[in-house]
Structures are given as C-alpha cells and as structure tokens.
Amino acid sequence: MKRVSYPDAVRGIGIILVVSIHVFAYLQPPSGTAWVPAWNMAILPAVAVFFLADGWLHAASVRAPMTWRQACHRIAASARRLMLPWIAFSVIYLAGRLAAEKYGLVHGASVVPAWPGGLPIALWRGAAAGQLYFLPALFIVRILTLALYPLVRGRPATAACLAVALIAIWRGPLAAMLHIPPEDPLMSAGFGLGFAAIGWALAEAEIGGIWPGAPALAVVVAGLAAWQLPEADAGYAGQVAFTLLLWVAARNLTGFAVHRWLAALGRRTMEVYLLHAPYPARVAVSVLAALHITGLAALAIGTAISILAALGTAWLLARLGLSWLWGGRNVRQAAPLARPLRGRGAAWWRGPERW
C-alpha cells in the first residue's frame, strides 16, 4: 500500500502545535496578554489530530476481518512502537529529574510521591516529562480499536454515529464515574477514542465515495454545536470542529510545497515528540529570555529551535545506532527513495515510502 501523504501532513501540523504548547508553558506569558486567547484556540487540535489520524490509518489499511493471530501480532507491533519508547524515555527522564533533585539543581516537591507505589505512579503519569502520557493512551486506543472498528467497517453512517456515541458517553457519565486524574493516560485514552472513531468515519466516507461532503458537514455541525452548547461542552465541540477543519485543510493542500515539508515532519513525529522536551524547549526559552526576546516571537522561535534540536538529536542517535529507542531505523538502514534527497541524513529524514 503506497503511503498517503496528508495524514503525515496533519501530524506534522499537530507536532508543531504540541511543541508550542510546551514552549508556552516554559515562557509563562503574563495573564491578559493579547495574543494568548487566539493561541489557545489555535492549539485545540494539537493532540486530537494524532488520535484521528491513527484511527483513519487503521480503517484505511485494515479492510478485511482480522484473525486473533493477526490482532495479537498488531498489538505486539504497537507495543514495540509505543510502549518500549515510553518505558525507555520514562526511565531516562525520571532518572535525570531525580538526579537533579538530589544535587539541588531543581527545587520544590519531588516528582515521585512519598507514599508506597509512588514510583510506578510517577512513571505511569509521566511525572518527569509530561508529554509521555500520550504513548500509553494511544496504545490503549489501538487495543480498543481492534474491538470496536469491526462493528462499523464498510458503514460510514454507523461509524459516524459510533463516534458521536463514544464522545457522548465519555463526556457524560463515564469520565465522572471513574474519578481519573487529568494527567493519567487513561483519561487521554477515553478522550482519544472518540477522535479515533472520527478517523474511522472519515476513512469509511472517503472509501465509500462520500468525500468531501461528510467531513465538511461535520465541521459545520460541530461548529454550530459549539455555538449553542454550555461552555464546557462547547469547548469540546469546538475542538472537534477545529480538528476536522485541520484534516480537511491538510487533505486539500496536497501538491503544495508546504504540504511536502509538513508530511516529512509528520514522519518524524515520534522523535520530535520524545526529544523536544523537557530539555531543548527549556534551554531554548532560557536563551531567548537572556536575549530579551519575549511574547509571540519567543513562542515561534522557541518552537522552531525545539523541533530542530529534537531532529538533530534524533539524527545523531540514529547515527550511533540508537534509533531503537523510538522504534525507528538507523540512518544507514533507511530505504532508498525514488527521488533521493541530498545530504547524509536525507534518507532518514524522508522515511519509508510504504506503511
């Protein structure tokens, strides 16, 4: 199956937004800053698009019923791709944080609770690197996808109804009943399953020849819901609308140069995601503060520096044979390209051409 570029472009936009969220957290602009409300709206699709793209890719690639053996093989492959990097980087970042606490390099309460079981909880919730919660959340969503997606395969309307039902159940009684802290990956899995189901519906609509009317209509419906619903639910409906709008935009930008660059970045999201924070983003913000660069300019520059630092670190680690840390391949093992890019790291940057 030839690789489709626009899911990668969506993830490229998503990882830029995610990095900007973490840079923003280190910047801590004063309350009442004029551009902050607009930025808060712009980042609404940041995490949701990854769940949506993952659901779309599953629906687009798994068109026949799976045997138990095939399902177990897919779970094992997801564990290698998601859980092994999560374990490796959780240990690395937590060890670094505890060492910094021991030698007085950081102040405040320890990231590991003092009560019994504090260390496993700190690892599970990504105490030393907040972005790590996403990997176990996505792993849970993929397991649930194997159980739920067969119910809607080949039925776009049913897939759309199931997406609405999953969102409504999670937004309604289920999340409140479970009493899960916001930082727990289970909370993100419940949130992400609804967006993965939207991805199933989009894939079924496209395969069934309904594209682009279905997602465009969904954007309008979600936008109208955001206008009419109470504040908390309106924010969620707005997030759905923005995420769908981002998907539609990426789908229709195919062929533009910016689309190709975003797709190339989208194929490197795992590396950027794991390596951009906490260290590169924090250092970038500190350097910008020393240079008296603040506000929106600091956010944009800090985001760009963090992404480039993560890509450079990933390239160096791949040269050293350590790309297994994120389930990737080393530079020397990268697949040849039909139109090779120039440079020693070009093949690593471009990535494989097939799923």
Can you tell me how much longer the chain between THR158 and LEU296 gets when fully stretched, taken as 0.36 nm per residue apart minus their C-alpha distance, in nm with one decimal?
-> 45.4 nm
Between HIS179 and CYS72, what is the FRET efficiency for a Förster distance of 35 Å, r being their Cβ-Cβ separation, to the nearest 0.05?
-> 0.65
Which value in nm describes the separation of the simple spin-label points at ALA79 and VAL4, placed 7 Å from the Cα toward the beta carbon?
-> 2.9
At ALA25 and ASN252, where each label point lies 7 Å from the Cα along Cα→Cβ, what is the point-to-point distance in nanometres?
-> 3.4
Highest mean first, what order results for 15-25, 194-204 on Cβ atoms within 10 Å?
-> 194-204, 15-25
Value of relative contact order over segment 250-335, rounded to a whole percent, pairs C-alpha under 8 Å and six or more apart = 28
Beta carbons within 10 angstrom, averaged per residue: use that to sort the peptides 263-272, 297-306, 142-151, highest first.
-> 263-272, 297-306, 142-151
Any chymotrypsin sites (Phe, Trp or Tyr not before Pro) in segment 229-325 that lie in a DSSP loop and have at most 15 other Cβ atoms within 10 Å would be PHE256
Find, among the trypsin sites (Lys or Arg not before Pro) in segment 1-69, those assigned to loop by DSSP (not H, G, I, E, B) with at most 14 other beta-carbon atoms within 10 angstrom.
-> ARG3, ARG63
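Computed from the coordinates by the stated procedures, all read-outs in this text should not be read as laboratory data. No experiment lies behind these values; they were computed from the predicted model shown. Virtual Cβ from ideal backbone geometry, glycine too; neighbours counted across all protein chains shown.
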